[in-house]
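All of the numbers you see were taken from the coordinates with simple rules; none came from a lab. Being a predicted model, the structure only gives us computed values, none of them experimental. Here Cβ is always computed from backbone atoms with ideal geometry, including for glycine, and neighbour counts include all displayed protein chains.
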Ligand code: NDP
């Protein structure tokens, strides 16, 4: 259950439990109640010391973790986060979310999450490589292609996955698909880097289509996005491809706002500069942001985009947890925002979710990250399938499978929301928050009953 000093895990746990309790699930099938205390304790938590050598030849030490939360549906699967804020509460919340998210993809994956409080910012490439090797020296004994297959998350991209994969292979003398997000020439899946951002936009495409009876699409819609990392960049590119206008991006230091729309060239510039850990403030001095000497974006220091973007139709929080407050949610709705879907995990605070859910009667529709950002782990699952078969599918094949998974995920959330809605007769759109939580939970719970984890 929730231990003291676990605020983030408590928030994720409460979100699931209140979604279940506020539906007709337990009155229709009371046995599901028994699953909650079991599913909310990780099967195993591994904590380890990571000692490594910095460029000055000095010893540094960090905490390493892997939360192997639930294996009912398949090997533990979920990312590794390298960020100074990493602690067990955060990793338990992320691992818990991951269980139900993975269930919503329809693929065979359990849930897990891990990482370290190592801060990659300001570190040289050599230091990052030495840290990744030291981290994998500990983690290697606990993972495996049929046991636990980690991926990237904040602070862990293709470069880090490469270093960790190489370290594992050397230590174990074994080339197997023990990590996803690998390089495209050595076992990675096409579309994996793009998957979370693209998948998010595919999910929202269905929200727009359903809410407007097929009358509207992304075309001409103004879209506010936060973050400027992996998820934000590819969400932005897909929005632009579908004819939408991306009016904001952000990072941990501030936000950029563009009335005319951020361009693909600007996103490419951000992508390469972020690999060097540059801030948006530094990046916007590049020539693609200055036309005729005039800045094409407004920079707001220390701000998140939500209250600064003006009128928008769609908001895609894609930076980190709790990045939309109750007041920011109200401001978005007052400015006409109809669709909010999380690229980040638990992007909205409880207060923000309450505001969005209460506004369903006004045709505002909110999608929780465990459904709308499932595209990343879905393509990780497809990468595992390709590794098992020793094949590589084409871009078109993977993209079309991703699209199908996200569309089916939306339909599953929608239909489950309708089926178990306690407020069936009230006006407004069905709650995707409830639909996602209930659909993911039932799939995991049924497997746990079958395997004797709950009886
Ligand atoms: P990246 O590390 O690529 O990018 C993270 C972005 O968020 C950066 O712009 C970073 O700013 C910003 N950020 C990080 N921490 C904070 C903070 N405390 N306050 C404000 N901004 C912050 O990570 P991803 O794009 O991969 O992940 C973003 C979110 O999406 C996370 O919540 C992650 O769990 C979730 N997610 C990611 C998936 C994936 O496949 N990558 C899959 C599913 C969910 P700066 O550049 O200044 O550090």
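See the values below:
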item	result
Computed FRET value (nearest 0.05) for residue 265 with residue 21, which takes r as the C-beta separation and R₀ as 56 Å	0.70
Normalised per residue, the volume of the convex hull around the Cα set of segment 194-314 (Å³)	95 Å³
P(r), alpha carbons of segment 324-436 - 10 Å bins starting at zero, rounded %	14, 37, 29, 15, 6, 0
Cα-based Rg / Dmax (Å) for the chain	21.1, 70
For the chain, calculated [θ]222 nm from helices alone, where every DSSP H run of n ≥ 4 adds -39500 (n - 2.57)	-14000 deg cm²/dmol
Cα extents of segment 136-268 along the three principal axes, largest first (Å)	54, 35, 23
Cβ-Cβ FRET estimate between residue 291 and residue 51, R0 fixed at 51 Å, reported to 0.05	0.55
By average C-beta atoms within 10 angstrom, highest first, the peptides 416-422, 223-229, 45-51	223-229, 416-422, 45-51
Length released on extending from residue 63 to residue 31, taking residue separation times 0.36 nm less the Cα-Cα span	7.6 nm
Amide N proximity, segment 75-118 versus residue 451 label position 7 Å along Cα-to-Cβ, cut-off under 11 Å	75-77, 109-111
Linear extension gain, residue 408 paired with residue 392, 0.36 nm per residue minus alpha-carbon span	3.4 nm
Antiparallel bridges, percent of DSSP beta bridges restricted to the chain (to nearest 5)	60 percent
Cα-projected label distance for residue 126 with residue 418, points at 7 Å along beta-carbon direction, nm	6.2 nm
Per-selection Rg to Rh, segment 147-198 - Cα, Kirkwood hydrodynamic radius	0.96
Nitroxide proxy distance, nm - points 7 Å out along Cα→Cβ at residue 85 and residue 219	3.9 nm
Additional length obtainable on full extension of the chain from residue 172 to residue 252, 0.36 nm per residue less Cα span	25.0 nm
Protection-proxy order for peptides 199-210, 386-397, each taking the mean of Cβ atoms within 10 Å per residue, highest first	199-210, 386-397
Per-peptide average of other Cβ atoms within 10 Å, ordering 69-75, 150-156 highest first	150-156, 69-75
